[in-house]
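The values are calculated or read from the model by the stated rules, or taken from the named source; none is laboratory data. Owing to the predicted nature of the structure, the values given are computational and were not obtained by experimental measurement. Because the Cβ atoms are built from the backbone with ideal geometry, glycine has one as well, and the counts that use them run over all protein chains shown.
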Amino acid sequence: MRIWLVQPGEPLPTDGDSPRLLRTGQLAAELARRGHDVTWWATTFRHATKTQRAARDAQLEIAANYRIMLLHSPGYASNVSLRRFVDHRIVGRRFRDWARREQRPDIIQCAFPPIELAFETARYAAERDVPWVIDARDMWPDIYVEAVPALLQPVARLLLRPDFRMTRVAFAGADAITGHAPGFVQWGLQYAARARTELDLDIPFGYPSVRPDPAASERADREWRSLGVGATANEFNICFFGTFAAREEVDLVTVIAAARVLQQRAPHVRFVLCGVGPSSERIRALADGLGNVVLPGWVDFPHIWTLLRASQLGLLPYLSSRDFALSIPNKAVEYLSGDLPILTSLKDGYLHGVLEQAGCGRFYTGGDADSLVQAVLAACSAGAQLSQERQAAARLYEARFAEPIVNDRLIDHLLGVRSAHLAARKSPAA
């Protein structure tokens, strides 16, 4: 099959040494390996590092049957900004123009958001009679309305009216809706204004079980040791990977406050907080003078892989919001791949239920530093129980989140959607 994948925000296989590929990158590689013709529509702008990959539209040949189309994107400095809205409008128009010059695909999978790309995919698919799947990953534009004070929400909803309209068109036009958790599929169905069918599936994020190149992992291990991570036998490392966002849903302030207490009460505990973002300077200032907080900035796959294996817990310090309550974040799956129990402030919702049932979650109250301190101290003294939780994390990963299992489900689903579309076209009712 000729398959288009539309996703501009993920790392590409050409992004430096050993990039950590996410859902679309994993799927594209496996589709190409199985002989399908793959085009991944991405952008020149690299979202994670806020840098440009190319100065103009470009095409990257990854393999004979796998290419990446880079649409030129002006980029943005902040994830929440007018410039980002403008950027997404421009990228949507560029996709609209470029897509019509290309050979028609047999099926499309499009990640949502961005809103504009999903909207243009819906228009293209309707014009060319192409089946397509929309993969709900974030609850735009809802989360933007929910982020402002209640009194201003009607105004925000009015200003975002074009985005709500495009979202409805996108979901209503798709042949199938997928999402990484059941709540995201149901959310998409509400925008589509239809009942769920057998083609609407929740398929979680996957994570590769392969290790990086031995030389790269050895180099990463040496660099971690130079920062004091993995240097002693009795240390208790708690790792975090993510964006230091301006939005307060990633609550690293409470983590720093807890670290200040634990520096005296449990000096062998160390928080290793990996990432960059709008609040980086603020977090560094708050952590100044704390020897038990390591802030290495953005890290690549070899560093992630080695840190997971030098840690005892993976941290998800999210304040409760509707999108987080309904999801299993990418980072949760990443921690599980390293056999790590998850320490999280998400005490309600879908992830809580999954972790509690599997026996590999520890919980604290978001925004409450003392609650986090108590949770960490309890984990430090758990002994054999923590070892059992690590085993439970490994079982959960292998059963539900290992990359081959997830890719099989995604590919089988794409083939099923394509077959259903062809069958509907041939039926007398059609």
Worksheet entry | Test: Ala310 is touching a helix residue (DSSP H, G or I) at 6+ places or on another chain (Cβ under 9 Å), more than 30 Å from Trp140 (Cβ to Cβ) and assigned by TED's automatic domain parsing to the domain that holds Arg222 | yes
Fill in: Sole exception among (1) surrounded by fewer than 18 Cβ atoms within 10 Å (Cβ to Cβ); (2) more than 15 Å from His303 (Cβ to Cβ); (3) among the charged types (D, E, K, R); (4) within 26 Å of the chain's Cα centre (by Cα) for Arg260, by number
(4)
Practice prompt. Kindly indicate whether Arg265 is closer than 15 Å to Cys380 by Cα and either charged (D, E, K, R) or within 25 Å of the chain's Cα centre (by Cα) (or both).
Written response: yes
Worksheet item: If you go through the stretch 12-33 one residue at a time, do you hit one that is touching a strand residue (DSSP E or B) at 6+ places or on another chain (Cβ under 8 Å), among the acidic types (Asp, Glu) and not in a loop (DSSP other than H, G, I, E, B)?
Response: no
Worksheet item: Any chance the stretch 73-89 includes a residue that's outside the structural domain of Gly275 (by TED's automatic domain parsing), over 26 Å from Ile143 (Cα atoms) and either free of Cβ contacts under 8 Å to residues at least 60 places away in the same chain or of a type in the set (Val, Ile, Thr) (or both)?
Response: no
Worksheet, complete the sentence: Exactly one of Ser337, Ser345 is of a type in the set (S, T, N, Q), farther than 13 Å from Pro204 by Cβ and surrounded by 20 or more Cβ atoms within 10 Å (Cβ to Cβ), and that residue is Ser345
Worksheet, complete the sentence: The condition from (1) β-branched (Val, Ile, Thr); (2) touching a helix residue (DSSP H, G or I) at 6+ places or on another chain (Cβ under 9 Å); (3) surrounded by fewer than 20 Cβ atoms within 10 Å (Cβ to Cβ) that Val86 misses is numbered (2)
Fill in: Given (1) surrounded by fewer than 18 Cβ atoms within 10 Å (Cβ to Cβ); (2) closer than 29 Å to Gly349 by Cβ; (3) in contact (Cβ under 8 Å) with a residue 40 or more places away in the chain, number of the condition Arg282 does not satisfy
(3)
Worksheet item: Looking at the stretch 325-344, is at least one residue touching a residue at least 12 places away in the same chain (Cβ under 8 Å), part of a helix (DSSP H, G or I), in contact with a helix residue (DSSP H, G or I) (Cβ under 8 Å, 6 or more places away or on another chain) and over 15 Å from Tyr397 (Cα atoms)?
Response: yes
Worksheet item: Of the residues Gly297, Gly291, which is over 27 Å from Pro149 (Cβ atoms), without any contact (Cβ under 8 Å) to a residue 24 or more places away in the chain and not aromatic (Phe, Trp, Tyr)?
Response: Gly297
Practice prompt. Please work out if Lys347 is modelled with pLDDT under 95, more than 30 Å from Ala174 (Cβ to Cβ) and within 21 Å of the chain's Cα centre (by Cα).
Written response: yes
Worksheet item: What are the pairs, 6+ residues apart or on separate chains, where a residue within the stretch 155-179 that is aliphatic (A, V, I, L, M) has its Cβ under 7 Å from a residue that is assigned to a loop (DSSP other than H, G, I, E, B)?
Response: Ala156/Val148; Leu160/Pro141; Ala172/Ala193; Ala176/Leu199; Ala176/Asp200; Ile177/Asp200
Worksheet entry | Filter result for the condition that a residue is at pLDDT 95 or above, over 17 Å from Gly314 (Cα atoms) and surrounded by fewer than 17 Cβ atoms within 10 Å (Cβ to Cβ), over Ala423, Ala429, Ala399 | Ala399
Item to complete: Looking only at the stretch 236-256, decide whether some residue is more than 26 Å from Ala77 (Cβ to Cβ), surrounded by fewer than 16 Cβ atoms within 10 Å (Cβ to Cβ) and more than 23 Å from the chain's Cα centre (by Cα).
Response: no
Worksheet entry | Residue satisfying condition, being closer than 23 Å to Glu10 by Cβ and either part of a helix (DSSP H, G or I) or at pLDDT 95 or above (or both), within set Glu116, Glu127 | Glu116
Response to the item:
Within the stretch 102-150, of all residues that are surrounded by 16 or more Cβ atoms within 10 Å (Cβ to Cβ), of a type in the set (D, E, K, R) and over 17 Å from the mean Cα position of the chain (by Cα), the one farthest from Val6 (Cα to Cα) is Asp142
Discussion item. Given the condition of a type in the set (A, V, I, L, M), within 23 Å of Val133 (Cβ to Cβ) and either in the same structural domain as Ile134 (by TED's automatic domain parsing) or in contact with a Lys or Arg (Cβ under 9 Å, 6 or more places away or on another chain) (or both), answer yes or no: does some residue in the stretch 98-105 qualify?
Written reply: yes
Worksheet item: Is it the case that some residue within the stretch 374-386 is more than 25 Å from Gly206 (Cβ to Cβ), touching a residue at least 60 places away in the same chain (Cβ under 8 Å), crowded, with 20+ Cβ neighbours inside 10 Å and not small (Gly, Ala, Ser)?
Response: yes
